[in-house]
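Student: Have a look at this one.
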Amino acid sequence: MLPIGFYRHRNLGIVEINVDCCKMQEVNGTDPSSTFVLHDGEIKEVTKAVLTPLIRDYLGDSVYAEFDGNDIILTTDNGAGPSNTIILEHQVLNALKRFMNRVL
C-alpha cells in the first residue's frame, strides 16, 4: 500500500491517498498493482505505475508549491481541493528568477 499523501497521476493530475482510500484498499483486496486515490471528490482505483509522489510545501495564502521531478507546480487550495494550477517549466522558472532579481 502506498503511503498517505499527494501524488501526480499521469492522466488525472494531482490526486490524494487518504485514510478513506486506504480503507477501500483493505476492504476490496484489490490487485497489488493498483491503489485507490481521491480525485475531484471521488475515490477511484488506479494503477500504481502512473503515480509519482509529490513534494508539496505550503507557501502561505492558500498557495502550495510542488515538485514532480521535473517542474515546479503552484496550486491554490482552500480545503476543497486544488482550484488553480500553474506549471513552472524550466524556462518559465528562469524568467521568474530574472524578474525577482530585477525587482527585489
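Coordinate-derived values only; no laboratory data. Model, not experiment: these values are computed from the prediction.
Student: Do the sum for the chain: with -39,500 (n - 2.57) for every DSSP H run of n ≥ 4, divided by all residues, what is the mean residue ellipticity at 222 nm, to the nearest 500 deg cm²/dmol?
Tutor: Values: 2 runs with 24 residues, N = 104.
Roughly -7000 deg cm²/dmol at 222 nm, from the helical runs in the chain.
Student: Next up: For the range 5-53, list log₁₀ I(q)/I(0) at each q in 0.15, 0.20, 0.21, 0.28 Å⁻¹, using the Debye formula over Cα point scatterers of equal strength and ignoring solvent, two decimals each.
Tutor: -0.32, -0.57, -0.63, -1.11
Student: A further question follows. Going by alpha carbons, how many degrees (0 to 90, nearest 10) lie between the helix axis of 90-103 and the longest principal axis of the chain?
Tutor: The two axes meet at around 40 degrees.
Student: Further question: Can you give me the angle between helix 19-28 and the longest principal axis of the chain, using Cα atoms only, in degrees from 0 to 90, rounded to the nearest 10?
Tutor: Helix 19-28 sits at roughly 30 degrees to that axis.
Student: Assuming 0.36 nm per residue, please report the length gained on full extension of the stretch ALA80 to PHE67 beyond their Cα-Cα distance.
Tutor: Additional length available on full extension: 2.6 nm.
Student: Could you work out the Kirkwood radius for the range 55-103, taking every pair of different alpha carbons, averaging 1/r and inverting it, reported in Å?
Tutor: In the range 55-103 this quantity evaluates to 11.6 Å.
Student: Considering all projection directions equally, how large on average is the shadow of the alpha-carbon convex hull of the chain, in square nanometres?
Tutor: 7.3
Student: With a cut-off of 8 Å between alpha carbons and a minimum separation of six or more residues, what is the relative contact order of the chain in percent?
Tutor: With pairs under 8 Å counted, the relative contact order is 16 percent.
Student: May I pose another question? Report the gain in length on full extension from LEU12 to THR52: 0.36 nm times residue separation, minus Cα-Cα distance, nm rounded to one decimal. Kindly include the intermediate steps, with their values, before the conclusion.
Tutor: Details: separation 40, 0.36 × 40 = 14.40 nm, distance 1.18 nm.
Using 0.36 nm per residue and subtracting the Cα-Cα distance, I get 13.2 nm.
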